[in-house]
1. Given a Förster radius of 30 Å and the C-beta distance between THR69 and LYS255 as r, what FRET efficiency does 1/(1 + (r/R0)^6) yield to the nearest 0.05?
2. Taking 7 Å along the Cα-to-C-beta vector as the label spot, tell me the LYS268-ASN190 distance in nanometres, rounded to one decimal.
3. Of PRO220, PHE112, VAL279, which is farthest towards the positive pole of the chain's charge dipole, taken about the Cα centre with +1 and -1 on the beta-carbons of Lys, Arg and Asp, Glu respectively?
4. Considering only protein heavy atoms, what per residue accessible area in square angstrom results for region 3-117 with a 1.4 angstrom probe?
5. Tally the DSSP beta bridges in region 123-278 and give the antiparallel ones as a percent, rounded to 5.
6. Hey, can you rank 238-246, 171-179 by average C-beta count inside 10 Å, highest first?
7. Starting from the Cα gyration tensor of region 123-278, take the square roots of the eigenvalues, sort them a ≥ b ≥ c, and report rounded, prolate or oblate (rounded when a/c is under 1.5, otherwise prolate if a/b is larger than b/c, else oblate).
8. Would you kindly state how much longer the chain becomes between VAL18 and GLU124 on full extension, computed as 0.36 nm times their sequence separation minus their alpha carbon distance, in nm to one decimal?
Amino acid sequence: MTTVYLNGELVPIERATVSVLDRGFIFGDGVYEVIPVYGRRPFRLAEHLARLQASMDGIRLANPYATETWTKLIGNLIDQHEWSEQSVYIQVTRGAAPRNHAFPKDAKPTTFIMTGPLSVPSREEKERGVDAITLNDYRWIRCNIKSTALLANCLLKQAAVEAGCAEAILLRDGFLTEGSSTNIFVVKGNLLLAPPKSHLILPGITYDVVIELARAHGMPLEVRPVSESEVRSADELWLSSSSKEVLAITELDGKSVGNGKPGPLYKKMLGYFEASKAVRSTAPVHA
Ligand code: PMP
């Protein structure tokens, strides 16, 4: 039985309900976070909570809790479940109110936290890599906000799945933005390339980890706009996210990336990443 947190209470997931007038349901008027938990410790919790705050600021929604309260609530929920590796999902919406696009004056935000077992890529996926297609990035231009309004991302991901691929790599005006649910890195020779943070991509927590690890290990890195032709002629392509960690993309639009196998820089980065998971998780939190 999974227990979730909803508006101040811990309840079995089957009994957790929200109003049909919730603006999250009606408008997608909410924000969310996904936090991986390794060895019962939330990974990069402070960074996830800071991004949640930034997302709330981005949609002008007051944060219902202070960081310490979030930390306790998340720690309590982790403690309720037996899995050592978990994936904590947080969602805050603008709450229930009569349907009207303009903000309600007195709605109370709906605050929801759930957790489940973390499903990371299989060994086979890590060893063989995954396939991707390129698609035109037709999302809105506030992609730095982690909004629950993910219709465009869902359509783009579904197109990738129907093409037998794991991810859609998105291009806007001739430049790489990100994946439908991941950040994307490009390797050219010895050089790692990452698109800079902007309103066109989500500032991934895993993206930051990859960049920090590249810098810490002296891997040549340029954070700058990456052109479509650099994506198409890449020696290696990687995707990153909290649930996929770092994965090699070994086929793009039906053509091999490099020699069609995860490349040498990827293997190095995967090693750095695995090692960092243990040391960079914050201490266990208890209420
Ligand atoms: N971009 C998009 C569009 C995403 O949905 C995600 C995953 N939430 C990411 C990037 C990766 O972010 P993170 O590393 O924080 O999971």
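1. About 0.05, to the nearest 0.05.
2. For LYS268 paired with ASN190, the spin-label model returns 0.8 nm.
3. Projecting each Cα onto the dipole axis, the largest value belongs to PHE112.
4. That works out to 49 Å² for each residue.
5. Counting only bridges with both partners in region 123-278, antiparallel ones make up about 65 percent.
6. The peptides rank, most packed first, as 238-246, 171-179.
7. Here region 123-278 falls in the rounded category.
8. 34.2 nm is the gain from fully extending VAL18 to GLU124.
The values are calculated or read from the model by the stated rules, or taken from the named source; none is laboratory data. Just so you know, these numbers come straight off a predicted model, no measurement behind them. A quick note on method: Cβ atoms are made from the backbone with ideal geometry, for glycine too, and the neighbour counts reach across all protein chains shown. Ligands, DNA and RNA are excluded from the accessible area calculation, which covers all protein heavy atoms including side chains. Shrake-Rupley method; radii C 1.70, N 1.55, O 1.52, S 1.80 Å.
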